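The values are calculated or read from the model by the stated rules, or taken from the named source; none is laboratory data. Predicted, not measured: the structure shown is a model, and the values here were computed from it. Because the Cβ atoms are built from the backbone with ideal geometry, glycine has one as well, and the counts that use them run over all protein chains shown. Side chains included, ligands, DNA and RNA excluded: accessible areas come from the protein's heavy atoms. Shrake-Rupley method; radii C 1.70, N 1.55, O 1.52, S 1.80 Å.
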Amino acid sequence: QMWEEAIALGKELAEQYENEMFDYEQLSELLRKQAQFYENIVKVIRPKPDYFAVGYYGQGFPTFIRNKVFIYRGKEYERREDFEARLLTQFPNAEKMKTTSPPGDDIKNSSGQYIQCFTVKPKLDLPSKFHRPVSEQIVSFYRVNEVQRFEYSRPVRKGEKNPDNEFANMWIERTIYVTAYKLPGILRWFEVKSVFMVEISPLENAIETMQLTNDKINNMVQQHLNDPSLPINPLSMLLNGIVDPAVMGGFANYEKAFFTEKYMHEHPEDHDKIEKLKDLIAWQIPFLAEGIRIHGEKVTEALRPFHERMEACFRQLKDKVEKQYGVRAVLSSLDDRRGSRPRSMVRSFTMPSSSRPLSVASVSSISSDSTPSRPGSDGFVLEPLLPKKMHSRSQDKLDKDDLDKDKKEKKKEKRNSKHQEIFDKEFKSTDISLQQSEAVILSETISPLRPQRPKSQVINVISSERRFSVSPSSPSSQATPPPITPRTKLAFSIQSNLELNGMSSSDIPDVPPPLPLKGSMADYGNLLESQDLISPTTSPPAHQRVSP
C-alpha cells in the first residue's frame, strides 16, 4: 500500500515509455495505474504501524548487535506485547528489562543477555513539495513512512509537588533517536546512529499538547466530512473528553498553573508562550463547534441525551473562552469542504461536448447543401432503413427524455459550449416541430462513419420503401424475372443475356443448368459459351414462342 513510492517509480517508467521507447500502449496502462494510486491515497484508510526501540545489552549477544539500539517497524495492528513475544523467541535466554532508561556499564559488560524494548513515536518530516496545507489523508502517509527521527518522551517532576495541579512542575525528558537510513527501507529495522536528549518545560508541554489536540479534532472533522459513513463513536469520545470538564479537566488546569500573576512574575520570559497558549485555546472553539455540528447530524436517538448534554457543556465553554480570549472565525477549509462541489468537478460537468462524434442530424451534415453520397441520406428519408430493434430502443429513450424534459432544460441553461449555442440557435424550430417524429431518433442512432456497401452488391428500391438484394445466381430470378426498372445499372441481368442469344424466357428448360463460378461480380463472359452448348441449333416451333 505504499502508493506514493509506486507513483515515483511510475513516473520514471513513463519517461522511458514516452520519450525513449515510444511504447504508448504501455504508457497508457501505466498512467491508468497511477490514476488508481492517486485515488487510493485519498480514499483508502491505511493502518499505521508502530515503531519500537530495541536495545541488546550484554556480552552474550553477537558482536553486530551487542550493546546497540535498533528501531524496528512493527506489523499492521501489532501491539508491543506481541512484538516482544516475537522478539524473545529468537533469544530465549535473554532477560527483558523493566525500565526504559539507558543501562549502566555493569549490564553492558555482563555475560548475560538483556533486551530493552519500548514504543517510540516517528517524527514527521514532510517533503519540500508540501509548501502549503494539504489534506490529512495525504500527510498521514509521511507520519509513519520515510521517517528517520524517532522520539521517546518520559515525564519528570522537578521542584515541589503541587497536589492541586500536577501540570505546574511536570517536565518532559525527550530522547531523539536518528537511524542510519529512513524507515521502511530494504529492512524493517535499522541501527540507531545518534542519540540526544532535550527537556521540555511544563509551559512548552502545555502548548504542544493543545496543538496536538486541535490537530486531532481538525483531522477527525475532515475525515467525517470526506466520508460520512464513518462511525461516530471515536468522535463522541474525543469531543466529550474535551468539552465535559468532569472527564479530563480540560484546559482549566493550564489556567491555574500558568495564567496566574505569580507565575507571570516569576517567569517574565514566558510572556510570548503564554499568549500563544491562549490563542490555541481560543482556536479550539471553532473546531469543537464543527465537530459537535457533525455529531448532531449523525447521532442516533439512543445517544440524543448524551449529545444534548455535550451541547450544553460546549455553550458554557464557548461563552467563557470568547469572553476571556476572544472570538476566532471558522477556518475557510471547513467551509469549502462542506460547500458545493470542487471546481474541478464543476468543470467536468460543464465542459463543451465538441469532442463527441457528430451524428447524421448534426450541425455540419444538416446545414450542408452538398449532394448526399447515398440515396435517402438527405433529410429524414432514411427512417424505413432503421432496424426494428434499434427503433424501439430509441423510442424508449425518447419517452424517457420526455419525462426528464425539465432537468434537461435546466442543464441546457448551464452549458456554455459554443457548439451547443449554435445548435440551439439554428435548430430550435426544427426540434419543436419534429420532437414527436422519427427525426429525433435518427440523430441518435445513425452515424456517417459507417462504411457504405458497394453499389454492385446491393440495389436500393426507394420508391416502394423496401430493400431488394438481387443475386445473379438465384433460380427465381431466372424463372420469373422482376420487372425491369428504367435504371441502367440492371443491364447485367440474366434476361438480357438470354435475349442476346436469341432465346426468350419461355425457351428456358424446366430445370436450368447451374451457372459456372464467376471470377468477379461483372464477369458474365462465360455465360454465353455455356448457353451455346445446351441451346438447339434450330429455332423452336412457332407455337412455343411467347412474346416478352
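Scanning the range 109-141 for residues that are in a loop (DSSP other than H, G, I, E, B) and either under 22 Å from PHE83 (Cβ atoms) or hydrophobic (A, V, I, L, M, F, W, C) (or both) yields a total of 7. A search for C-beta distances below 7 Å between a residue of the range 275-298 that is closer than 20 Å to ASN233 by Cα and any residue that is open to solvent by 50 Å² or more (accessible area, probe 1.4 Å) and outside any helix (DSSP H, G or I), counting only pairs 6+ apart in sequence or on different chains, returns GLU290/VAL330.
Out of the residues in the range 185-200 meeting the condition of being open to solvent by 40 Å² or more (accessible area, probe 1.4 Å) and over 40 Å from the mean Cα position of the chain (by Cα), tell me which one is nearest to GLU269 (Cα to Cα). The extreme case among them is GLU199. Filtering the range 315-329 to residues that are farther than 23 Å from PHE258 by Cβ and either at pLDDT 90 or above or in contact with a Phe, Trp or Tyr (Cβ under 9 Å, 6 or more places away or on another chain) (or both) leaves only ARG315.
A single entry from LEU203, LEU225 fulfils the requirement of being surrounded by 14 or more Cβ atoms within 10 Å (Cβ to Cβ), at pLDDT below 90 and assigned to a helix (DSSP H, G or I): LEU225.
Of all the criteria given as (1) farther than 18 Å from LYS48 by Cβ; (2) surrounded by fewer than 16 Cβ atoms within 10 Å (Cβ to Cβ); (3) at pLDDT 85 or above, the one not satisfied by VAL139 is (1).
Does the range 206-222 contain any residue that is farther than 23 Å from VAL42 by Cα, touching a residue at least 24 places away in the same chain (Cβ under 8 Å) and in a strand (DSSP E or B)? Checked against the condition, which is being farther than 23 Å from VAL42 by Cα, touching a residue at least 24 places away in the same chain (Cβ under 8 Å) and in a strand (DSSP E or B), the range 206-222 yields no hits at all.
Would you point out the residue of the range 60-99, among those that are β-branched (Val, Ile, Thr) and within 45 Å of the chain's Cα centre (by Cα), that is most open to solvent (accessible area, probe 1.4 Å)?
Looking at residues that are β-branched (Val, Ile, Thr) and within 45 Å of the chain's Cα centre (by Cα), I get THR89.
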